[in-house]
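Heads up: the structure comes next, in structure tokens.
The values are calculated or read from the model by the stated rules, or taken from the named source; none is laboratory data. Nothing here was measured: the structure is a model prediction, and the numbers come from that model. Heads up, the Cβs are rebuilt from the backbone with ideal geometry, glycines too, and the neighbour counts pull from every protein chain shown. Each accessible area value is taken on the protein alone, full model and side chains, heavy atoms only, with ligands, DNA and RNA left out. Shrake-Rupley method; radii C 1.70, N 1.55, O 1.52, S 1.80 Å.
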Amino acid sequence: MNLFELSEEDFLRRLEDDMAITGDLGELFPRMVAYNVPYFVLSQYWPEERTNLLKDPLFPAFCVAEAGWKGRLENLKGSLDLSSGRLTCEKTYVMQCDVMYVLVWAGEDLALCRVPRNASQTWTSRQEDTVRFVSKTGSVRDHFIVSVEQTLKREEYVTLRKRNYVRAGMTIPRREMTGLAILAFGYLRFLKEDVSDLVGLRSELLQARATGELGAGAVHAASQIFHQLLRVLPGDAHPFWGRAGSLFFQR
């Protein structure tokens, strides 16, 4: 079965168990991001494309961030000309992938565009160890700045109102936080740490993800689990753990 077809709870349990066995952040972090973000976004706004992607081995990335955007859609410069299908953008945090799902402006609406990687694009590594993931089998998922200028067919994008996207845009960070906390729980198990005091918090997260109710309680539970990992993090652990702590779990 395709892992990305699993339910929220089943996927996270599988993710945790795999981390507890292997400790392989390089393999499991990209998997978590793909499930939490592009597959989620497609389920909300382009379900037919999600179904197609599940049949295809292509690894996806959801691409929004641009230089100077500061987390605000109003600051995005990328655009799709609906009359010509011309897409122009430069996305600044793109995980190495086979197909990008790019969010840009299309007039007064937004466009979610399917953009397979190709030779016409410019991919420049960010050269940051914190976002370069090497699995224990040697596969690499780096992060890139990607410039795109190409013409899309009508079936390669969908348009959506900004107000309709805002709901998902607010949910994505909480999906990332809760997913990272489950990875952290699995890594604590890998390190043979006592997690008995955290089991209730883990159950709270799994329930929140199963119901889609990612409120303040889920965020607090995720933070408690992640900070427990930071207290015992080995010196040779991937630097991403510390970066995630500063980005998502500030006290």
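With +1 on each Lys and Arg Cβ and -1 on each Asp and Glu Cβ, how big is the dipole of region 1-46 about its Cα centre, in debye rounded to the nearest 20?
160
Roughly what % of DSSP beta bridges within the chain run antiparallel, to the nearest 5? Before the final figure, lay out each step's value.
On the way: 29 of 34 bridges.
Expressed as a percentage, antiparallel bridges in the chain total about 85.
Using R₀ = 22 Å, calculate the FRET efficiency as 1/(1 + (r/R₀)^6) where r is the Cβ-Cβ separation of S196 and A216; round to 0.05. Present the calculation step by step, with values, prior to reporting the outcome.
Values: r = 25 Å, r/R0 = 1.12.
That pair, S196 with A216, gives E of 0.35.
Could you do me a favour and compute the accessible area per residue for region 161-251, 1.4 Å probe, result in Å²?
On the way: 4620 Å² over 91 residues.
I get 51 Å² per residue for region 161-251.
In percent, what relative contact order does region 65-126 have, based on Cα pairs under 8 Å that are 6 or more apart in sequence? Before the final figure, lay out each step's value.
Details: 79 pairs, mean separation 16.6, N = 62.
RCO, region 65-126: 27 percent.
With θ taken as phi - 60° and the coefficients 6.51, -1.76 and 1.60, list the Karplus ³J(HN,Hα) couplings across region 88-99 in order, rounded to whole Hz; mark glycine and proline as x.
9, 6, 9, 9, 9, 9, 10, 5, 3, 7, 9, 9
Once amide H atoms are placed 1.01 Å from N in the peptide plane, what residues at a sequence separation of 5 or more from L152, or on another chain, have their amide H within under 5 Å of its amide H?
Under 5 Å from the amide H of L152 lie the amide H atoms of R86, L87, each far enough along the sequence or on another chain.
Compute the distance from the alpha-carbon center of region 121-162 to that of region 227-250, in whole Å.
Each part's Cα centre sits 24 Å from the other's.
DSSP loop (so not H, G, I, E, B), at most 16 other Cβ within 10 Å: list which trypsin sites (Lys or Arg not before Pro) in region 86-130 pass both filters.
Values: sites: R86, K91, R114, R117, R126; in loops: R117, R126.
Hits after loop and neighbour filter: R126.
So how far apart, in nm, are the two label points at S7 and L230 if each is 7 Å from Cα heading toward Cβ?
Inter-label distance under the simple model: 3.3 nm.
Tally up the carbon and sulfur contribution to the accessible surface of region 109-161 as a whole percent, 1.4 Å probe, everything protein left in place. Mind showing how you got there, number by number?
Details: 1270 of 2870 Å².
Answer for region 109-161 is 44 percent, counting heavy atoms of protein chains only.
For T124 paired with S84, estimate the spin-label separation in nm (one decimal), with each label point 7 Å from Cα along the Cα-to-Cβ line.
The modelled label-to-label distance comes out at 2.3 nm.
Anything over 29 Å Cα to Cα? Flag those among K70/K192; K136/K162; K55/K77; K55/K91; K77/K153; K77/K136, in the order listed. Mind dumping the intermediate values first?
Working: K70/K192 39 Å; K136/K162 41 Å; K55/K77 32 Å; K55/K91 26 Å; K77/K153 21 Å; K77/K136 38 Å.
Table pairs above 29 Å Cα-Cα are K70/K192; K136/K162; K55/K77; K77/K136.
With point charges of +1 on the Cβ of Lys and Arg and -1 on the Cβ of Asp and Glu, referenced to the Cα centre of region 1-78, which listed residue (Y39, L12, A65) lies farthest in the positive direction of the dipole?
A65
Assign unit charges at the C-beta atoms only (+1 for Lys and Arg, -1 for Asp and Glu), then state the dipole size of the chain relative to its Cα centre in Debye, rounded to the nearest 20.
Numbers: 31 positive and 32 negative charges, 100 e Å.
That gives the chain a dipole magnitude of about 480 debye.
Express the relative contact order of the chain as a whole percentage, based on alpha carbon pairs under 8 Å and six or more residues apart in sequence. Kindly include the intermediate steps, with their values, before the conclusion.
Working: 379 pairs, mean separation 53.9, N = 251.
Answer for the chain is 21 percent.
Could you point to the residue in V148, M177, T159 farthest towards the positive end of region 144-187's charge dipole, with +1 and -1 charges on the Cβ of Lys/Arg and Asp/Glu respectively?
Positive-most Cα among the choices belongs to T159.
Amide H of V99: which non-local residues (sequence gap of 5 or more, or other chain) have their own amide H closer than 5 Å, using H built in the peptide plane?
Answer set, sorted by chain and number: F59, A61, R117.
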